[in-house]
Amino acid sequence: MQHLAIIPDGNRRWAAKNKLQAIFGHRTGMEAVRTAIKVCINNNIKYLSFYTFSLENFRRSEEEKSYLFDLIADGFKSRLSELISSGVRIRFIGDKNYFPERIRGVITDIENETQHLDVLNLSLLFCYGSRGEIVNTVKILAQKVKDGILSIEDINEDTVSDSLWTAGLPDPDLVIRTSGIVRISNFLLYQAAYSEFSFLNCYWPEVTSDILEECIAKFYDTQRNFGK
């Protein structure tokens, strides 16, 4: 397996179940992110992607959005030395037009300080929506055709992949979603065409290394023939 992608769902429901404010669910969920990073490194998985904040999440309250933005940026910034020592490269992938102004500098610093690392490539899909990504890709290719840079005949799966926000990343081998919801919620729609899926009934803050190891083991037990 090269690439594990995760939809870490259920932070708020875990908090509600434990009679806590939603922010405590998000904070505990960050610890599960650290667990996933360690599991990937231990299993020699080179790419890990997290659905950290979707474009649909902008519908949440201003208070929760503000907390999430700070948690994502400052959470990784505060653990930067730990991540660097582990060889983790961090990239924020999404519609940069929506990146909150107050944390753009932190995002840039995190990306610059880890760009030389390659033990694990950690992608944080932030202000991300797959339909928006595909529309953006269509516009890029249409503009190239209009400008004479590209002919229609040149458009193929490779040119499409190279124009996505995730350009340069391999497609995910396995997508895990927690909280018992069986859908992918506008996440990597193009890239996950041949991914295996694991839908877990636990909330994201409840995820342990054993649970992730079991998902990875089941993936290796699956015969993948890609239509052959």
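The table below lists the values:
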{"read-out": "Helices (runs of 4 or more DSSP H) completely within segment 77-158 that count 1 or more residues being over 30 Å from Asn44 (Cβ atoms) and polar (S, T, N, Q)", "value": "130-146"}
{"read-out": "Inter-residue pairs, beta-carbon under 8 Å, first without any contact (Cβ under 8 Å) to a residue 60 or more places away in the chain and within 15 Å of Ser123 (Cα to Cα) and in segment 155-183, second hydroxyl-bearing (Ser, Thr, Tyr) and not in a loop (DSSP other than H, G, I, E, B), 6+ apart", "value": "Leu164/Thr137; Ala167/Ser161"}
{"read-out": "Residue check, Ile84 surrounded by 14 or more Cβ atoms within 10 Å (Cβ to Cβ), of a type in the set (A, V, I, L, M), in contact with a Ser or Thr (Cβ under 7 Å, 6 or more places away or on another chain) and farther than 30 Å from Lys38 by Cα", "value": "no"}
{"read-out": "Residues being touching a residue at least 40 places away in the same chain (Cβ under 8 Å) and either assigned to a strand (DSSP E or B) or closer than 25 Å to Ser195 by Cβ (or both) - total across segment 43-75", "value": "14"}
{"read-out": "Leu48 vs. criteria of a type outside the set (Val, Ile, Thr), in contact with a helix residue (DSSP H, G or I) (Cβ under 9 Å, 6 or more places away or on another chain) and either surrounded by fewer than 21 Cβ atoms within 10 Å (Cβ to Cβ) or farther than 22 Å from Ile181 by Cα (or both)", "value": "no"}
{"read-out": "Answer residue from segment 16-25, given it is without any contact (Cβ under 8 Å) to a residue 40 or more places away in the chain and in a helix (DSSP H, G or I) and is nearest to Pro205 (Cα to Cα) among those", "value": "Phe24"}
{"read-out": "Close pairs (7 angstrom Cβ cut-off, 6 or more residues apart or separate chains): at pLDDT 95 or above in segment 199-228, surrounded by fewer than 13 Cβ atoms within 10 Å (Cβ to Cβ) anywhere", "value": "Phe199/Val182"}
{"read-out": "For Thr166: the one exception among (1) more than 19 Å from the chain's Cα centre (by Cα); (2) of a type in the set (S, T, N, Q); (3) under 14 Å from Tyr51 (Cα atoms)", "value": "(1)"}
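The values are calculated or read from the model by the stated rules, or taken from the named source; none is laboratory data. Because the structure is a prediction, the values reported are computed rather than measured. Positions of Cβ are backbone-derived with ideal geometry, glycine not excepted, and every protein chain shown enters the neighbour counts.
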